[in-house]
Amino acid sequence: MNSYPKYAQVKDRKYEINTDFRIAIKCDKLAKSNIGDEERALAIIYLLFGDEGLKNSQDWKDLLAIALKYLNCGKEKQEDDEEEQEIDMDFEQDWEYIRTSFFYEYNVRIEQNTYMHWWEFYNLLCGLSDKCILNRVRFVRNFDIEQIKDSREKEKWIKQKEQVKLRKETTKTAEEKRLDELFEKQLRGG
């Protein structure tokens, strides 16, 4: 039996956490987005705790702290985690690699309606071997081609890196636009 959290306690109130891994992935995307800090915080609170979390503004600070710890799988965020690291994976862009890797490694099919707790999903993701497609792609993305002296070999690596590089996202998805509208409505008291 797992001990993954399903509720958050703030003073005398108990909030149900939307524990589906897809919600945590949306939160991750929001955390990396260009929206303002307050909008980002409220969006994460809404995604994880729903209307109940939004309507109790006195709990927002506590809910956000709980949300961040939950999204970090129960670990406190370290200050050195804030350093700018080269991103070698994107949940959305690498989704097919993730699905394929889960099937290859664990014989688990992740479909549209598959429920999996965020912590379980994350633990499985971290446990993938170097043989799976996702980690092979990440290896190519991280490989330092400057150490290659042979020009033909270097050219091969440049092409491989180009094939699997992550796109920079600049436009909002329909879901992000819908969430923006919902939060503006909520902030206006509607």
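The values are calculated or read from the model by the stated rules, or taken from the named source; none is laboratory data. Small disclaimer: the values here were computed from a predicted structure and weren't measured. Because the Cβ atoms are built from the backbone with ideal geometry, glycine has one as well, and the counts that use them run over all protein chains shown.
Inspect all residues belonging to the range 56-65 and state whether any of them is out of contact with any Ser or Thr (no Cβ under 8 Å at 6 or more places or on another chain), more than 23 Å from ASP88 (Cα to Cα), surrounded by 16 or more Cβ atoms within 10 Å (Cβ to Cβ) and polar (S, T, N, Q).
Yes: the range 56-65 contains one or more residues that are out of contact with any Ser or Thr (no Cβ under 8 Å at 6 or more places or on another chain), more than 23 Å from ASP88 (Cα to Cα), surrounded by 16 or more Cβ atoms within 10 Å (Cβ to Cβ) and polar (S, T, N, Q).
Considering each residue of the range 1-17, count those that are part of a loop (DSSP other than H, G, I, E, B), surrounded by fewer than 18 Cβ atoms within 10 Å (Cβ to Cβ) and in contact with a helix residue (DSSP H, G or I) (Cβ under 8 Å, 6 or more places away or on another chain), and give that number.
Of the residues in the range 1-17, 4 are part of a loop (DSSP other than H, G, I, E, B), surrounded by fewer than 18 Cβ atoms within 10 Å (Cβ to Cβ) and in contact with a helix residue (DSSP H, G or I) (Cβ under 8 Å, 6 or more places away or on another chain).
If the requirement is being closer than 21 Å to TYR122 by Cβ and at pLDDT below 95, which of these qualifies: LYS11, LYS75? Spell out the reasoning first.
On the way: LYS11 fails: closer than 21 Å to TYR122 by Cβ.
That would be LYS75, the only listed residue that is closer than 21 Å to TYR122 by Cβ and at pLDDT below 95.
Looking at (1) hydrophobic (A, V, I, L, M, F, W, C); (2) at pLDDT below 90; (3) part of a loop (DSSP other than H, G, I, E, B), which is the only condition LEU182 fails?
With (1) hydrophobic (A, V, I, L, M, F, W, C); (2) at pLDDT below 90; (3) part of a loop (DSSP other than H, G, I, E, B) applied to LEU182, the lone miss is (3).
For the range 26-45, name all the residues that are surrounded by fewer than 20 Cβ atoms within 10 Å (Cβ to Cβ) and either in the same structural domain as TRP119 (by TED's automatic domain parsing) or assigned to a helix (DSSP H, G or I) (or both).
Our first condition is that a residue be surrounded by fewer than 20 Cβ atoms within 10 Å (Cβ to Cβ); within the range 26-45, this holds for 28-41.
Those that are surrounded by fewer than 20 Cβ atoms within 10 Å (Cβ to Cβ) and either in the same structural domain as TRP119 (by TED's automatic domain parsing) or assigned to a helix (DSSP H, G or I) (or both): ASP28, LYS29, LEU30, ALA31, ASP37, GLU38, GLU39, ARG40, ALA41.
Tell me, yes or no, whether the range 69-79 has at least one residue that is within 28 Å of LYS161 (Cα to Cα) and out of contact with any Ser or Thr (no Cβ under 6 Å at 6 or more places or on another chain). Don't jump to the end; show me each part of the working.
Step one: list which residues in the range 69-79 are within 28 Å of LYS161 (Cα to Cα), which gives none.
No, there is no match, as no residue in the range 69-79 is within 28 Å of LYS161 (Cα to Cα) and out of contact with any Ser or Thr (no Cβ under 6 Å at 6 or more places or on another chain).
Residue pairs, Cβ under 6 Å, 6 or more apart or interchain, first in the range 32-50 and in contact (Cβ under 8 Å) with a residue 24 or more places away in the chain, second part of a loop (DSSP other than H, G, I, E, B). List them.
Short answer, once both residue conditions are applied: LEU48/ILE17; LEU48/ASN18.
Quickly run through the range 114-147 and pick out the residues that are more than 18 Å from the chain's Cα centre (by Cα) and over 18 Å from TYR104 (Cβ atoms).
Answer for the range 114-147, where residues must be more than 18 Å from the chain's Cα centre (by Cα) and over 18 Å from TYR104 (Cβ atoms): ARG141, ASN142, PHE143, ASP144, ILE145, GLU146, GLN147.
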